[in-house]
Amino acid sequence: MSRIYTVAVVGAGIGRSHITEGYLNNPDKYRVVALCDLDEAKLTKLADEFGIERRTTKFDDLLAMDDLDIIDICTPPMVHYPMIVAALRAGKHVICEKPLVGSLKEIDEVMAVERQSAGKLMPVFQYRFGNGVQQAKAIIDAGLAGKPFVGTVETLWRREAPYYAVPWRGKWKTELGGVLMGHAIHPHDMFVYLMGPLKSLFGRVATRVNDIEVEDCISASVELESGAIGSFTASLGSADEISRIRLAFDNVTFESDHEAYNPGAKPWTILPRNDGTRSAIADLLKDWKDVPPRFHTQMARFHDSLTSGAPLPVASADSRRALEIVTAFYYSSRTREEVVFPIGKDHPNYQSWLPEGFA
């Protein structure tokens, strides 16, 4: 029988999805024993719903719980960094929502703490999981797709005034960014996960939809290390909501399902260029085992990592790559310059991408 890890969830907002999708779907792997939130009413309501006995408004209380294995951070972005560092230093395993932290300097510091900690850190990129995206990944990793040519990512969602009525949203110091950070970061991660790392980016950001500080429209042209090229476009002003990823390789073209918040779950459109590739893909996928979407599989694979030593399904290095894209976007838009990866300590936005006056 595999070990059951004890979990504390911090944040009763998106934390609810972590509980319902991630932990209740893996009852042989996890048990949520504690819940933390500053809002006592929300805390009590969620804890009552799932029978969570330990309830606290103080994060430090969790650090002192010797029988607690994992702290799952689902708070607003501005407090991720100190919570991650404190939890790792307390020897806990850590799961944390995106964006992991607010700068490349902070992610490098977090990675340094992680190397000295008994705990492991898993950033949340739940869109990587589901049958559609995982079949595409299997085909690419098997070498059947061949040379990558081009790819496009469209994150066309809708956010209006009620969304930004939450006090920390839409502000640089608390949300740390707009559509680039809180929304398109998922499809952009999927693109890199499938197509490979970026070499350079030339981007634009704009605030055109809502009366907020941060951006709600973005677009960029990217070059990959492989030589492939691509484009990223996102807006929070779309009449409908879709997430669409289309990737053209030498032997196969893939197109994601268009479900806005779960584009990896359902089967993707897979278009082989020739009969030989079609036959090879059919053979590869003939005994395919179901991959449940989102948190269900990400949490299951995290358990595998903890128990067997398998690689983390998402690692801090993956989060750094995502934050490099964010940093490059903001810098390129402000300077009208292309940004080349990797971004190191000598880059002007290494310590912060926030505009002057907000850092």
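The values are calculated or read from the model by the stated rules, or taken from the named source; none is laboratory data. For clarity, every value in this text was computed on a predicted model and none was experimentally measured. Every residue, glycine among them, receives a Cβ derived from its backbone with ideal geometry; neighbour counts consider all protein chains shown. Surface areas here come from the heavy atoms of the whole protein model, side chains and all, with no ligands, DNA or RNA. Shrake-Rupley method; radii C 1.70, N 1.55, O 1.52, S 1.80 Å.
At a glance:
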quantity	calculated
Considering residues of the range 6-24 that are more than 16 Å from the chain's Cα centre (by Cα) and either open to solvent by 10 Å² or more (accessible area, probe 1.4 Å) or among the polar types (S, T, N, Q) (or both) only, the residue nearest to GLY91 (Cα to Cα)	THR6
Residue list for the range 135-153, filter: among the charged types (D, E, K, R) and open to solvent by 50 Å² or more (accessible area, probe 1.4 Å)	ASP141, LYS147
From GLU97, GLU106, residue being out of contact with any His (no Cβ under 7 Å at 6 or more places or on another chain) and closer than 20 Å to MET190 by Cβ	GLU97
Exclusive hit being open to solvent by 20 Å² or more (accessible area, probe 1.4 Å) and in contact with a helix residue (DSSP H, G or I) (Cβ under 7 Å, 6 or more places away or on another chain), set HIS296, HIS258	HIS296
Residue tally, condition assigned to a helix (DSSP H, G or I) and either within 26 Å of THR335 (Cα to Cα) or basic (Lys, Arg) (or both), over the range 162-207	15
Odd one out for MET190 among (1) within 30 Å of ASP283 (Cβ to Cβ); (2) among the hydrophobic types (A, V, I, L, M, F, W, C); (3) open to solvent by 10 Å² or more (accessible area, probe 1.4 Å); (4) under 21 Å from the mean Cα position of the chain (by Cα)	(3)
Hits in the range 234-255 - residues which are of a type outside the set (A, V, I, L, M), under 16 Å from ARG159 (Cβ atoms) and open to solvent by 40 Å² or more (accessible area, probe 1.4 Å)	GLY237, ASP240, GLU241
Enumeration of residues in the range 206-219 that are open to solvent by 10 Å² or more (accessible area, probe 1.4 Å) and either without any contact (Cβ under 8 Å) to a residue 60 or more places away in the chain or small (Gly, Ala, Ser) (or both)	ALA206, THR207, ARG208, VAL209, ASN210, ASP211, ILE212, CYS217, SER219
Where a residue in the range 228-247 is touching a residue at least 12 places away in the same chain (Cβ under 8 Å) and part of a strand (DSSP E or B) and its partner, wherever it lies, is aliphatic (A, V, I, L, M) and surrounded by fewer than 16 Cβ atoms within 10 Å (Cβ to Cβ), with Cβ under 9 Å and at least six apart	ILE229/VAL150; GLY230/VAL150; SER231/VAL150; ARG246/VAL150; LEU247/VAL150
Candidate set: the range 268-285, residues that are more than 12 Å from PHE249 (Cβ to Cβ) and not in a helix (DSSP H, G or I); chosen: the one least open to solvent (accessible area, probe 1.4 Å)	TRP268
Failed condition for VAL150, given (1) more than 21 Å from VAL10 (Cα to Cα); (2) part of a helix (DSSP H, G or I); (3) not acidic (Asp, Glu)	(2)
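Residues checked against (1) over 27 Å from HIS183 (Cβ atoms); (2) basic (Lys, Arg):
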residue	(1), (2)
ILE52	yes, no
PHE59	no, no
ALA64	yes, no
ASP67	yes, no
ALA87	no, no
LYS92	yes, yes
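For (1) over 19 Å from GLU223 (Cβ atoms); (2) surrounded by fewer than 19 Cβ atoms within 10 Å (Cβ to Cβ); (3) in contact with a helix residue (DSSP H, G or I) (Cβ under 6 Å, 6 or more places away or on another chain); (4) not β-branched (Val, Ile, Thr), each residue gets a yes or a no:
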position: VAL291; (1), (2), (3), (4): yes, no, yes, no
position: ALA315; (1), (2), (3), (4): yes, yes, no, yes
position: ILE325; (1), (2), (3), (4): no, no, yes, no
position: SER333; (1), (2), (3), (4): no, no, no, yes
position: GLU338; (1), (2), (3), (4): no, yes, no, yes
position: LYS345; (1), (2), (3), (4): yes, yes, no, yes
